[in-house]
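Laboratory data are not the source of any read-out in this text; all were calculated from the coordinates shown. Everything numeric here is computed off the predicted structure, so don't read it as measured data. Neighbour counts are summed over all protein chains in view; Cβ atoms, including those assigned to glycine, are modelled from backbone coordinates with ideal geometry.
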Amino acid sequence: MSLRPRAVGILLNDQSEVLLMLRRKQGREYATLPGGGIEGEETPAEACVRELLEEVNLFVEVGPLVYRHQGLGNDEFYFQVNHVSGEMRLGDGPEAIRSSEENWYSPQWISVDRLDEVNLVPPELRDVVRELAEGRFPTVSQRYTQ
């Protein structure tokens, strides 16, 4: 089985908050970092820019690849990103079209200090985000899970 490639952005603001996509799907509530599938001949960095615009209405500049995760059928590339322009809101991409009471998307700024209160998927991203917020490059560069 081949893994589905995905590109994800980690965006921190000056208040030490990280942008998360709060989700409800099939009765389960959780949070992810904004991102999605890599299309066609896109590079992971190009997909990251497109996905953040589609999901949270923000233009970003892609920085370094800081984490890679393989699991749940995905091969995910996590980039540190910087805000260039745009007002954060649910974007006009597929998430807005699919959003309903049973399946909703809500982009939110969450304090890095409150990450343990959020059901972040995958959970090891808490450490990656904390290290980035502290100005350190994450020590965990790859993790492969089944």
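A few points about this structure:
- The charge dipole of the chain, taken about the Cα centre with unit charges on the Cβ atoms of Lys, Arg (+1) and Asp, Glu (-1), comes to about 400 debye, rounded to the nearest 20.
- Neighbourhood net charge (12 Å Cβ-Cβ; Lys/Arg +1, Asp/Glu -1) for L90: -2
- Diffusion coefficient of region 1-44 by Stokes-Einstein, Kirkwood radius over Cα pairs, 20 °C, 1.002 mPa s: 170 µm²/s.
- Potential lengthening between T43 and V84 on full extension [0.36 nm per residue; Cα-Cα distance subtracted]: 12.8 nm
- E117 versus L3: modelled label distance in nm, points set 7 Å from Cα along the beta carbon direction: 3.3
- Put simply, when 70-80, 13-23 are sorted by average Cβ atoms within 10 angstrom per residue, most first, you get 70-80, 13-23.
- Under 5 Å from the amide H of R4 lie the amide H atoms of N74, D75, each residue being 5 or more positions distant or on a separate chain, with H modelled from the backbone and absent for Pro and chain starts.
- The alpha-carbon atoms of region 71-126 define a convex hull whose volume equals 150 cubic angstrom per residue.
- Other residues with beta-carbon under 13 Å from the beta-carbon of L19 carry, at +1 per Lys or Arg and -1 per Asp or Glu, a net charge of -4.
- Other residues with beta-carbon under 13 Å from the beta-carbon of Y105 carry, at +1 per Lys or Arg and -1 per Asp or Glu, a net charge of -3.
- Protection proxy ranking of 90-99, 119-128, 52-61 - average other beta-carbon atoms within 10 Å, highest first: 52-61, 119-128, 90-99
- Placing R0 at 25 angstrom, the Cβ-Cβ distance between Q15 and D92 gives a FRET efficiency of 0.45 after rounding to 0.05.
- In angstrom, the C-alpha Rg and Dmax of the chain are 14.2, 42.
- Between D127 and E29, residue separation times 0.36 nm minus the direct Cα-Cα distance comes to 33.2 nm.
- Computed from the C-beta positions of E134 and E101 and an R0 of 35 Å, the FRET efficiency is 0.40 to the nearest 0.05.
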